[in-house]
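Undergrad: This is the structure, below, for whatever I ask next.
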Amino acid sequence: MLSMRAISKVYGSGPTEVRALERVDLSVERGELVAIMGPSGSGKSTLLTIAGSLEEPTSGEVMIDGKDIAGMSDNDRARLRRRSVGYVFQHFNLLPGLTAAENVALPLELDGIPAQQARASALETVDSLGLTDRADHYPDDLSGGERQRVAIGRAVVGNRRLLLADEPSGALDSVNGESVMRLLRETCRGGVAGVVVTHDSQLAAWADRVLFLRDGRMVDQTVPGPGAESLLAGGYQE
Amino acid sequence: MSIRHALLALLSEEPKFGLKLQQEFEDRTGEVWPLNVGQVYSTLQRLERDGLVASDESHGPQKDFSITQDGFDELVSWLRTPLPSDIPPRDELVIKVLVAVQVPGVNVRDIIQAHRRHLIETMQRFTHLKADSNQSDLGLALVLDAELFRLEGVVRWLDAADTRLGQNPGPKDGKAATAPQPESKVTS
């Protein structure tokens, strides 16, 4: 679903040049949740904005849903973003004047889908997130965890298949953060390719793969191990 | 703490005789781990028997010990090896990082990354168990939380160590690497 090859990003030039990314490769399939970990300044947010075609790489190739971003017109790229890519931010970024269902319907309406049809799709998504009785509440009336669920709904509504999240549970306590990660994982299992960037190991541990970014380079990644039951052999047993 | 590996680390800097090794060991561990010279010599004998150090008597009355390639490989392998249980005591990890800072030719940030990856793989296993389990199983959730918070603490210490080392690479900078250089075991 997402394929990034040899991505480099350089800001500035000469003595002020900053190499934010150096030949980074990243592929994410539908159904898979990938986490990118790294300290501040390691380039992880830059990588995410390039993955979502919000920023262009200095060199390298980005393919979303089999389409090469570089060869597209601005209009085509904007359409691809609207139809294929969803974003989840640390601080939710919901519009305060719209209800939960209206926030979720917004990307569909921006894409030209008639309001009634957009609302029907949004309500379906809101239901699937367990927020049926919150559909007509405004963001101010929702808890932080509920707001982030709405934001995830807005990111995937309309069958979008690439979900990009920047510290999605950073503003939540650990139990609400866990619910958000559980939802992201379930969403990906339903056929979405997910990328989460974070410096938080507990959040990253929800992913199928964790990639480590350091000084703009991908230096390492986790390999899947056996199940966890053996780890608990000496302690709690069901 | 492994005296064997501590002595190999001290010898990775340059050849030394037994009494000097004892003094340096005590100096560098803040004299928290007293070590008698008898222990030093018995350990050196075993290391020599195993081919990990070599001795030289040609420079005077005291035997000079130096690390061999096998000894250096053993040291690097120990530095990188995840601790035997999946739930490592933090102190041993601290010792590995402290030792790695001193060993010439070893990239301590790569050592840190090897342990970080291992810890996060363990956290993934716990988290995936949580993801696949019944959310109403409160006991399991509490046990998994406890493990995850503990492991997260260790990862955060590694992150802080990594940042500090990025700012201040440590004592081995500028020191000539007299030991054999590590081979493929250390990734770039």
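Each value in this text was obtained by applying a stated rule to the coordinates, not by laboratory testing. Not measured: the values here are computed from a predicted model. Backbone-built Cβ (ideal geometry, glycine too); neighbour counts: all protein chains shown.
Undergrad: Just for strands (runs of 3 or more DSSP E) wholly inside the stretch A:1-83: which have at least 1 residues that are farther than 28 Å from A:Val223 by Cα?
TA: Here the list reads A:2-11, A:18-28, A:59-64.
Undergrad: Something else now. From (1) in contact (Cβ under 8 Å) with a residue 12 or more places away in the chain; (2) assigned to a helix (DSSP H, G or I), pick out the condition that doesn't hold for B:Ala131.
TA: (1)
Undergrad: Could I ask something else about it? Take the stretch B:104-145 and flag every residue that is aliphatic (A, V, I, L, M), at the interface with chain A (Cβ under 7 Å from one of its Cβ atoms) and within 16 Å of A:Ala207 (Cβ to Cβ).
TA: Listed by number, the residues that qualify are B:Ile120, B:Met123, B:Leu129, B:Ala131.
Undergrad: Taking A:Val156 and the conditions (1) touching a Gly at 6+ places or on another chain (Cβ under 7 Å); (2) on the phi > 0 side of the Ramachandran plot, which numbered condition does it fall short on, given that it satisfies the others?
TA: For A:Val156, the exception is condition (2).
Undergrad: More than 12 Å from every other protein chain (Cβ to nearest Cβ), under 17 Å from A:Leu129 (Cβ atoms), of a type outside the set (S, T, N, Q) and in contact with a Leu (Cβ under 6 Å, 6 or more places away or on another chain): is that true of A:Gly158 in this structure?
TA: In short, yes.
Undergrad: Check the stretch A:124-141 and report whether any residue there is in a loop (DSSP other than H, G, I, E, B), of a type in the set (Gly, Ala, Ser) and touching an Asp or Glu at 6+ places or on another chain (Cβ under 9 Å).
TA: yes
Undergrad: Collect the residues in the stretch A:142-171 that are assigned to a loop (DSSP other than H, G, I, E, B) and among the charged types (D, E, K, R), keeping them in residue-number order.
TA: Hits for the stretch A:142-171 are A:Arg160, A:Arg161, A:Glu167.
Undergrad: Please enumerate the residues belonging to the stretch B:20-79 that are free of Cβ contacts under 8 Å to residues at least 40 places away in the same chain, of a type in the set (Gly, Ala, Ser) and part of a helix (DSSP H, G or I).
TA: Answer for the stretch B:20-79, where residues must be free of Cβ contacts under 8 Å to residues at least 40 places away in the same chain, of a type in the set (Gly, Ala, Ser) and part of a helix (DSSP H, G or I): B:Gly38, B:Ser42.
Undergrad: Taking the stretch A:79-125, which residues are in contact (Cβ under 8 Å) with a residue 60 or more places away in the chain, surrounded by fewer than 17 Cβ atoms within 10 Å (Cβ to Cβ) and not charged (D, E, K, R)?
TA: A:Gln90, A:His91
The rows are residues; the columns are (1) crowded, with 24+ Cβ neighbours inside 10 Å; (2) at the interface with another protein chain (Cβ under 8 Å from one of its Cβ atoms); (3) of a type outside the set (A, V, I, L, M); (4) over 24 Å from B:Ala146 (Cβ atoms).
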residue	(1), (2), (3), (4)
A:Leu162	yes, no, no, yes
A:Ser169	yes, no, yes, no
A:Val175	no, no, no, no
A:Leu183	no, no, no, no
A:Thr187	no, no, yes, yes
A:Val197	yes, no, no, yes
A:Arg209	no, no, yes, yes
A:Arg214	no, yes, yes, yes
A:Val223	no, yes, no, yes
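Undergrad: Condition first: over 20 Å from A:Val180 (Cα atoms) and of a type outside the set (A, V, I, L, M, F, W, C). Now tell me which residues in the stretch A:85-98 satisfy that.
TA: Passing the criteria: A:Pro96, A:Gly97.
Undergrad: Applying the selection to the stretch A:126-143, what residues are surrounded by fewer than 24 Cβ atoms within 10 Å (Cβ to Cβ) and without any contact (Cβ under 8 Å) to a residue 40 or more places away in the chain?
TA: A:Asp127, A:Ser128, A:Gly130, A:Leu131, A:Thr132, A:Asp133, A:Arg134, A:Ala135, A:Asp136, A:His137, A:Asp141, A:Ser143
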